[in-house]
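Each remark here refers to the structure printed beneath this line.
The values are calculated or read from the model by the stated rules, or taken from the named source; none is laboratory data. Keep in mind it's a predicted model, so treat the numbers as computed, not measured. Cβ placement follows ideal geometry from the backbone for every residue including glycine, while neighbour counts extend to all protein chains displayed. Surface areas here come from the heavy atoms of the whole protein model, side chains and all, with no ligands, DNA or RNA. Shrake-Rupley method; radii C 1.70, N 1.55, O 1.52, S 1.80 Å.
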Amino acid sequence: NSAIAHAMLFEKISGVQISLNYNLHEINLGHIKKLTTDFGMIQFSKINQPDIESGYTLDDNARAMVALCQHYELTKDENDIKYIKIYFDFIKFCQQGEGNFLNYVDEERNFTEQNDSTNLEDSNGRAIWALGYLISKKSIFPEEFLPVLNEAESILQSALLHINKIHSTRAMAFAIKGLYYSSIENNSVSNKELIKKLADRLVQMYKHEADNEWLWFESYLTYANSILPEAMLCAWSATGVDIYKEIAKSSFDFLMSKIYKEDCINVISNKNWLHKENESIQSAAGGEQPIDVAYTILALKKFYDVYKNEYYYDKMKSSLNWFLGCNHLHQIIYNPCTGGCYDGLEENYVNLNQGAESTVSYLMARLTVEKSLLDDQHYIQKFEKNLKSNVQEKDQSK
């Protein structure tokens, strides 16, 4: 924060625009592990101390399983398997006899009354996403982990029995992602049909709301917006239906036009959503959540993988800088000392609590960018190798 403040001062005094380069810290799982008991990931922290009284949620453990799978794929650290198994067991614990999931569990490991008063569709969608993602990584795990993967497939199939009851926009998007990832390992006709059914619903929503100025699925932009176009792109990848790809690109480019200011990401504030009829009204400063930045980075990675457009690649890397100080307060949101991430960027301050959602969000974002950087390095090495080979062949022909 001090370094950034000095740079801002130098820029003000000199009148010369300074371009800051934000260094990536070493990946630190310290706070992730601190938040995790033998039962699951604790929901909240008071500053950097886990608050066991806040209990656990399916949401956090589903996201944590995705993040640790990402980390294991990148590092092959065998210690990750222990944590993946803990998060998987928590998801299994939350599944009910009919296949649906509950979300809230207290410190005594009992389901809370909050499950009765809250719409759990998004939580069920996230569980499907996490299970599908785990199944898609089957090839990277040791043979002794195979029973867990088989059980994950069984749990997913039970959950899919209720998929027709899901109508929440984001829940459908999460479910599409889960089915897409599951199809990488098991490309079944039934999975493809379910993807089409959910994607077609999103297509109808888009056609109902979109016009020349507003290219979106709803009449407002709220939370986890980037999940929707990403899911449509996943649906296209799984089915080859062109309308899914067209809507994915138009809606995502529209979203990006609303959340980028001066090359820094500025996600929709949870203080006031951006409504179609009030689009010209300036959004409130603050109320930015790490989870929204992370989901945007995941979507940017998917769009770059499909389109190979440098715009998406550059925005993916610059979006990570939001955690490192490229935001309206010019303050870090990720704490490299603890490995935790602060819970939110407000108008005049940073919420210093380091809960599960924000901490896992940073890890997912960081690992997504790391994977892209490694992929790029492999591409460069392959290009250089091919170039060298071509030169040698020319020399031999001479």
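For this structure, a couple of remarks:
- Total residues in the range 310-326, condition open to solvent by 10 Å² or more (accessible area, probe 1.4 Å) and in a loop (DSSP other than H, G, I, E, B): 1
- Residue that is most open to solvent (accessible area, probe 1.4 Å) [pool: residues in the range 248-273 that are part of a loop (DSSP other than H, G, I, E, B) and under 19 Å from Asp314 (Cα atoms)]: Glu262
- From the list Asp343, Asp305, the lone residue that is surrounded by fewer than 15 Cβ atoms within 10 Å (Cβ to Cβ) and under 16 Å from the mean Cα position of the chain (by Cα) is Asp305.
- Residues satisfying the stated conditions in the range 98-153, i.e. among the small types (Gly, Ala, Ser), in contact with a helix residue (DSSP H, G or I) (Cβ under 9 Å, 6 or more places away or on another chain) and loosely packed, with under 13 Cβ neighbours inside 10 Å: Ser139
- 2 or more residues under 23 Å from the mean Cα position of the chain (by Cα) and of a type in the set (D, E, K, R): qualifying helices (runs of 4 or more DSSP H) within the range 71-174: 79-94, 121-136
- Test: residue in the range 261-274 that is in contact with a helix residue (DSSP H, G or I) (Cβ under 9 Å, 6 or more places away or on another chain) and among the hydroxyl-bearing types (Ser, Thr, Tyr): no
- Matching residues, the range 36-60, being in a strand (DSSP E or B) and open to solvent by 50 Å² or more (accessible area, probe 1.4 Å): Phe44, Lys46, Gln49, Ile52, Glu53
- Odd one out for Pro229 among (1) more than 14 Å from Thr296 (Cα to Cα); (2) at pLDDT 95 or above: (1)
- Qualifying residue in the range 233-241 (condition: outside any helix (DSSP H, G or I), more than 19 Å from Leu255 (Cα to Cα) and either more than 20 Å from the chain's Cα centre (by Cα) or at pLDDT below 95 (or both)): yes
- For the criterion of being open to solvent by 40 Å² or more (accessible area, probe 1.4 Å) and touching a strand residue (DSSP E or B) at 6+ places or on another chain (Cβ under 9 Å), Lys276 passes.
- Out of Ile247, Ile243, Ile268, one residue alone is under 22 Å from Leu320 (Cβ atoms) and not small (Gly, Ala, Ser). It is Ile268.
- Residue in the range 61-80 that is of a type in the set (Lys, Arg), closer than 30 Å to Ser318 by Cα, open to solvent by 50 Å² or more (accessible area, probe 1.4 Å) and out of contact with any Lys or Arg (no Cβ under 8 Å at 6 or more places or on another chain) present: yes
- Cβ pairs under 6 Å, 6+ apart, first in the range 145-171 and farther than 14 Å from Lys92 by Cα, second among the charged types (D, E, K, R): Ile166/Glu121; Ser168/Glu121; Ser168/Asp122; Arg170/Asp122; Ala171/Glu121; Ala171/Asp122
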